[in-house]
Structure formats: C-alpha cells, structure tokens
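The values are calculated or read from the model by the stated rules, or taken from the named source; none is laboratory data. Since we're looking at a predicted model, the values are computed, not measured. Quick reminder, even Gly has a Cβ in these numbers, built from the backbone with ideal geometry, and neighbours come from all protein chains shown. These area figures cover heavy atoms from the full protein model, side chains too; ligands, DNA and RNA do not enter into them. Shrake-Rupley method; radii C 1.70, N 1.55, O 1.52, S 1.80 Å.
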Amino acid sequence: MLYRTMPKNGDRLSALGFGCMRLPMTDGKIDEERAIAQIRRAIDDGVNYLDTAWPYHNGESEPLLGKALRDGYREKVKIATKLPTWMIKSREDMDTFLNAQLEKLGTDHIDYYLIHALSGPSWETIEALGVKDFLKKAQIDGRIVNPGFSFHGLAEDFAPIVDAYPWIFCQIQYNLLDTEFQAGTKGLEYAASKGMGVVVMEPLRGGNLALPTPPQAVADIWDLAETPRTPVEWALRWVWNHPEVTVVLSGMNDEEHIRENMAIAEVAEADSLSRNELDLTRRVAATYRKLMQVGCTGCGYCMPCPADVQIPTCFDLLNKAHLFDQAEGKRMYGVFAAGAVLQRKPGFASQCVECGMCLEKCPQRINIPEVLKRVVAELEG
C-alpha cells in the first residue's frame, strides 16, 4: 500500500480509502459478516482511512463500521464521517448528531469530520446556525480532530468555502469525466494551494469507468497503450497521478474488486503516467462523454422516491443501453426496474409523479423528472 501525507497534520494515510456507502447487501440489508470481513481484511492489508456518513445505508453504515473496528481495529485507522447539514435546524442539533455518531461508531473521537454535501446555499445556512463555533468547541474538547467538508455545489462556490474556515481537508468528486464538474481540477488545485488535503470520491463515476468490457470505441483507444491495463486501473491511476490528491475512496463491496483496487494502490505513484498515456485518457474521457446519456453516479441521495421509482437503476440502465446494446438495455430494464432481482416494489420511470423532491437532493444537479421521461420513451416501449 502506498501512503500519502495529509499536508496540515502530517498523517500518513493510505492512498486507497475504504468507502462505506455501498457495502455488500443481502435481503435488502447490509451483509454484516461479509462487510466486517472485507473491512478488516482491507485494514490488515494496509488501508487506514475509512469513510462513512449518517445517511449511508439508511443509517446503518456507521454502526456497522463501529462493529468492524472492535477487537483492536479502531487503533489502526482514521475514521471519517459527516454532519448531515440538511437535517440541522439549530446549533444544538450539531452536538446532538455528533454525539450520536460517536456512540454509533463506538469511539470517543472522529479523526476526520466533514460538514456534509456543501454548496453555496447550504454553507450559508449552516454557517448562520453556528457551525464554526461547533467545530471549534468540538476540536477543543477532543470529539473532532480534523475538520473538513464534502462538496456538491457549483464551481464558483468552492473557493469561498475553502477560504471560510481553517479546514484540514476537503472531499470532492473527481474522475476522468468530472474535471470541470463541481470543484473540478481548478478546485483540486486551489484546495491544495491552501495546504489542504484532498479526498476524492466517485473516482470510477459510480462504476461506469470500471466496466470489465468497456464500449468498443473506448476499448479501441485503450488498446493503443503500450502497457495493457484494465479500465479500473486506468481510471484509478489517472486520479492518483495527481499529486494534490491525498486519498481516493472506493466503495468496495466485492472481494475481487477489493483485491484489484489494493493491487493498483501499491503501484499508483503520483506523476507516473506518461504524456502518451495521459493523451489516451483524455480521448477516452471525450468518448465516454459522447456516449453517456446522464451523469448519474448511483450515489442514491435522491432516494427513497415517494413514488417508488428506482431512480439510480433507471439511469444506470439508460446509460448502459447507449454504451452497449439498446435491446439488452430494454431487457435488463424490464427485469431490474420491475424489482424481480432485489425482491422489492416495481420502480419503473413511468411511476414518476414529478413531485420534485429528488431535485433538491441530487448532488449532480440532474433534472431527474425530465431524464425519467427519456427512460420511459426509450426503455419502456
């Protein structure tokens, strides 16, 4: 495992962090035995940064991580979790949530505590409620060690938030396709110029950049490389090639994927890709942008839908229909959106009633009702 240094505090953090937003599931719940085994195996192999949040897995991610870190594992790692800004109505709420998270995680301190999902408006709201006072006092009493924030806003809002508080780190979405989305490359470089560590989420764009068999147009470009690599290795190494990046989070929930990611993290040094390899990645990114229909990462923040639409599933299958095969996309849509595979209620795009609740939740700023109409037109024929 390669390690990188958090600039402001000198912590040596694993280049690969374990994201606990997409843990293995069984019968609609976290497969606790499997998830704990995966987390502990990753720690044994060198991962020392674990990221969770209050809403992940409907509130069950933090308690699961707390269980996984028993038996001496807590002392080996740094925990990152987040204050759910959209649930905060008062200064007192901030302490209430933090104290509950400490209990759920079975610890007396959070190593890296993020103000979750900031944008310009949400920062203004949480700042007015007293978040700076909260962070300062929680640091003094030891409940929080390193304050930071995760960002889901517009590019122009990023720098003002960086400058608003002496943050230790930030967390941004960054990958081959998202160089100008949200914080983007300019935000990455700006945060680093201020001495902040940068944790990267969605390095594989919700898994779309890691498909074992990419679209033929993408595969043709990768075939030009002198050093053969899998799509996931190309995508992860591209992020790690940036020296400004401290930790890359992967939502690993399959043992083989964990092994692959760990192996890549052993060799992915900063500035290790050649000029020709970087040119190939730019061509691949341009090709994907032409093929993909919707910029959904599958984060699930839009869920649950009051009309039971399985929004991430609908968008994923729309993308796959265009990336691969339209007929197969329709077939898969008929199976997955019907709920047959996961034994849940049907979640067809046509169930959308355009209530708009999802619009304010989506960090990608996708016009979800409008894209669902496209899903109906193209996949529900």
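Figures for the structure shown
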{"quantity": "Of the criteria (1) modelled with pLDDT of 90 or more; (2) closer than 29 Å to residue 150 by Cα; (3) buried (at least 18 other Cβ atoms within 10 Å of the Cβ); (4) not assigned by the TED database to the domain that holds residue 173, which one residue 367 fails", "calculated": "(3)"}
{"quantity": "Verdict on residue 102 being open to solvent by less than 10 Å² (accessible area, probe 1.4 Å) and either more than 25 Å from residue 197 (Cα to Cα) or among the hydrophobic types (A, V, I, L, M, F, W, C) (or both)", "calculated": "no"}
{"quantity": "Helices (runs of 4 or more DSSP H) lying entirely in segment 249-329 (those with 1 or more residues that are in contact with a Cys (Cβ under 8 Å, 6 or more places away or on another chain))", "calculated": "311-323"}
{"quantity": "Options 333, 301: the member that is outside the structural domain of residue 36 (by the TED database), open to solvent by 30 Å² or more (accessible area, probe 1.4 Å) and hydroxyl-bearing (Ser, Thr, Tyr)", "calculated": "301"}
{"quantity": "Condition met for residue 141 (in the same structural domain as residue 50 (by the TED database) and either modelled with pLDDT under 95 or more than 26 Å from residue 59 (Cβ to Cβ) (or both))", "calculated": "no"}
{"quantity": "Those residues of segment 258-286 which are in contact (Cβ under 8 Å) with a residue 24 or more places away in the chain and open to solvent by 60 Å² or more (accessible area, probe 1.4 Å), in sequence order", "calculated": "266, 267, 269, 271, 276, 283"}
{"quantity": "Which listed residue, of 218, 245, is crowded, with 19+ Cβ neighbours inside 10 Å, outside any loop (DSSP other than H, G, I, E, B) and touching a residue at least 24 places away in the same chain (Cβ under 8 Å)", "calculated": "218"}
{"quantity": "Odd one out for residue 210, checked against (1) in contact (Cβ under 8 Å) with a residue 60 or more places away in the chain; (2) closer than 16 Å to residue 297 by Cα", "calculated": "(1)"}
{"quantity": "Test result for residue 225, part of a helix (DSSP H, G or I), out of contact with any strand residue (DSSP E or B) (no Cβ under 6 Å at 6 or more places or on another chain) and free of Cβ contacts under 8 Å to residues at least 60 places away in the same chain", "calculated": "no"}
{"quantity": "Considering residues of segment 344-381 that are within 17 Å of residue 293 (Cβ to Cβ) and β-branched (Val, Ile, Thr) only, the residue nearest to the chain's Cα centre (by Cα)", "calculated": "366"}
{"quantity": "Unique residue being within 30 Å of residue 128 (Cα to Cα), at pLDDT below 95 and open to solvent by 10 Å² or more (accessible area, probe 1.4 Å) when the list is 54, 86", "calculated": "86"}
{"quantity": "Matching entry among 72, 66, 46 (being in contact with a Leu (Cβ under 6 Å, 6 or more places away or on another chain) and either outside any strand (DSSP E or B) or surrounded by 15 or more Cβ atoms within 10 Å (Cβ to Cβ) (or both))", "calculated": "66"}
